[in-house]
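The next block holds one structure in the form of structure tokens; read it before the comments.
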Amino acid sequence: MTYSVAVSGASGYAGGEILRLLASHPDVEIRTVTAHSNAGQKLSEHQPHLRSLAHLTLQDTTPEILAGHDIVFLALPHGQSGQYTDALGDVPLVIDAGADHRLTSQTAWDAFYGGAFHEPWSYGVPELLVDGGKQREHLRGATRVAAPGCNASTVSLSLAPGVAAGVIDPSDIVTVLAVGPSGAGKSLKPHLLGSEILGSANPYAVGGTHRHIPEIRQALAAASGPSTVSGIVDPEGIRISFTPVIVPMARGILATSTAPIAPGATDAQIREAWESAYDGETFVQLLPEGSVPRTADVLGANTALLGLAIDRAANRVVVVTAVDNLVKGTAGAAIQSMNIALGLTETTALTINGVAP
Ligand SMILES: NC(=O)c1ccc[n+]([C@@H]2O[C@H](COP(=O)([O-])OP(=O)(O)OC[C@H]3O[C@@H](n4cnc5c(N)ncnc54)[C@H](OP(=O)(O)O)[C@@H]3O)[C@@H](O)[C@H]2O)c1
């Protein structure tokens, strides 16, 4: 069977990356691409690297144009998806790259986003530990999927094994992320001009204001499900200091996350927590002891690479994780989730190889 697909937000970064990956997917036909201010223009004017799709023209983003496909991807600014998702009830599979369907708590939504709250969908991070299992099980047969925030899934994948195994204290997590500006989208913003970011490292959303914080707390609370030692299921028990820093690389996230070692946890138990969590996973890989990843190793790839260190002097576990924000952080996660939801081979159209240098 060939699935017909519509991609909204097709002139943007996330939509463009969804299209780039889908273009090599044998089971889909990209039939429709939509945008907003750029509707009516050729896709190639906005995504000139997508040569195989150069014949497509951007249409308006309306429920009528998106309806009638087997699969619809929404890659719109947060707060915009909800107006379309309500009207796409007949579409068998809808995958939202935005935040509108990620959070289970309206209180958290109101505090960090505001505007209309929409029901949570199946979270598109298959490898995440959830209630003693994996999120993958919740994606099989799913008809509505919320792809993750790129920083959120990077940090959640980094620390979920330690939280689930009870070998770290989740009430004192600190994470600092070097992030490329493509994470903020393609629309013009003065603080993201080349002249502002080239040759400079620019922190933003300092002091607990970044919108991905509740998403991480939600994911880590789910990881510490009933089967765990810590038994923490309330996001209130997950406290996180989160500081992103924009650095001059177009794409990529390097997250350095630390948390105190739980009393009595041995080095072997700590390493085992991460090894067993990701044993057999294709796209989330723990590097050998002593190795830490670089963003170049994951660019263009659907891979999250983790380096784990145990700093006994500081009494903290340190996890360094590299992700391509546009692939494993968004479009790759969306397509991996699509594959699982439809019962296709999970790895179809996704690579584990980066493009370094
Ligand atoms: N960038 C990332 O690394 C990343 C990672 C994870 C998740 N996401 C999420 O993916 C979504 C898209 O992000 P992005 O980085 O691709 O943003 P972007 O580059 O700014 O693209 C936004 C897209 O949405 C369209 N659009 C804007 N306002 C719209 C409206 N009112 N109705 C319909 N379409 C509208 C734009 O069309 P025009 O160009 O025609 O105006 C454009 O195609 C966001 O929710 C973001 O949080 C992004």
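Here, each number is a calculation from the coordinates, and none is a lab measurement. This is a predicted model, so every value here is computed, not measured. Cβ coordinates were reconstructed from backbone atoms using ideal geometry, including for glycine residues, and neighbour counts include every protein chain displayed.
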Over the chain, what relative contact order in percent results from Cα pairs under 8 Å that are six or more residues apart?
-> 17
Where in segment 238-257 does the amide nitrogen come within less than 16 Å of the point 7 Å from the Cα of S195, taken along Cα to Cβ?
-> none
For the chain, the longest principal axis of the Cα atoms and the Cα long axis of helix 13-22 enclose an angle in degrees, to the nearest 10, of 80
Using modelled backbone amide H atoms (1.01 Å from N, in-plane), which distant-in-sequence or interchain residues come within less than 5 Å of V284's amide H?
-> A304
What percent does the relative contact order of segment 151-325 come to when contacts are Cα pairs within less than 8 Å and at least six residues apart?
-> 31
Given 5 Å bins starting at zero, what is the percent of C-alpha pairs of segment 151-325 in each, up to the one with the largest pair distance?
-> 1, 9, 17, 21, 20, 15, 9, 5, 2, 1, 0
Quick one: if the Förster radius is 22 Å, what FRET efficiency do D60 and D90 give, using the C-beta to C-beta distance and rounding to 0.05?
-> 0.70
State the answer as a single residue: which of S224, V174, V245 lies farthest towards the positive end of the charge dipole of segment 151-325, with beta carbon charges of +1 for Lys and Arg and -1 for Asp and Glu, about the Cα centre.
-> V245
Tell me, Kirkwood radius of the chain from alpha-carbon pair distances, in Å?
-> 20.4
Pairing the Cα long axis of helix 213-223 with the longest principal axis of the chain, what angle in degrees results, from 0 to 90 and rounded to the nearest 10?
-> 60
Spin-label pair A111/K134, simplified geometry with 7 Å Cα→Cβ offset, distance in nm = 3.2
Given backbone amide H placed at 1.01 Å from N, residues whose amide H is under 5 Å from that of I246, ignoring those fewer than 5 places away on the same chain, are V179, N202, Y204
Taking r as the C-beta separation of Y204 and A250 and R0 as 25 Å, the FRET efficiency to the nearest 0.05 is 0.90
Size of the dipole of the chain about the Cα centre, Lys and Arg at +1 and Asp and Glu at -1 on the beta carbon, nothing else charged, in debye to 20?
-> 700
So how tilted is helix 150-165 from the main axis of the chain? Cα-based, degrees 0 to 90, rounded to 10.
-> 40
Along the positive direction of the dipole of the chain (beta-carbon charges: Lys, Arg +1; Asp, Glu -1; about the Cα centre), which of V125, H212, P235 reaches farthest?
-> H212
Only bridges with both residues in segment 151-325 count here: give the DSSP antiparallel percent, nearest 5.
-> 70
Under 19 Å by backbone N from the virtual spin label 7 Å along Cα-to-Cβ at A296, the residues of segment 332-357 are 352-357
Based on the mean of other Cβ atoms within 10 Å per residue, sort peptides 122-128, 280-286, 167-173, 98-104 so the most packed one is first.
-> 122-128, 98-104, 167-173, 280-286
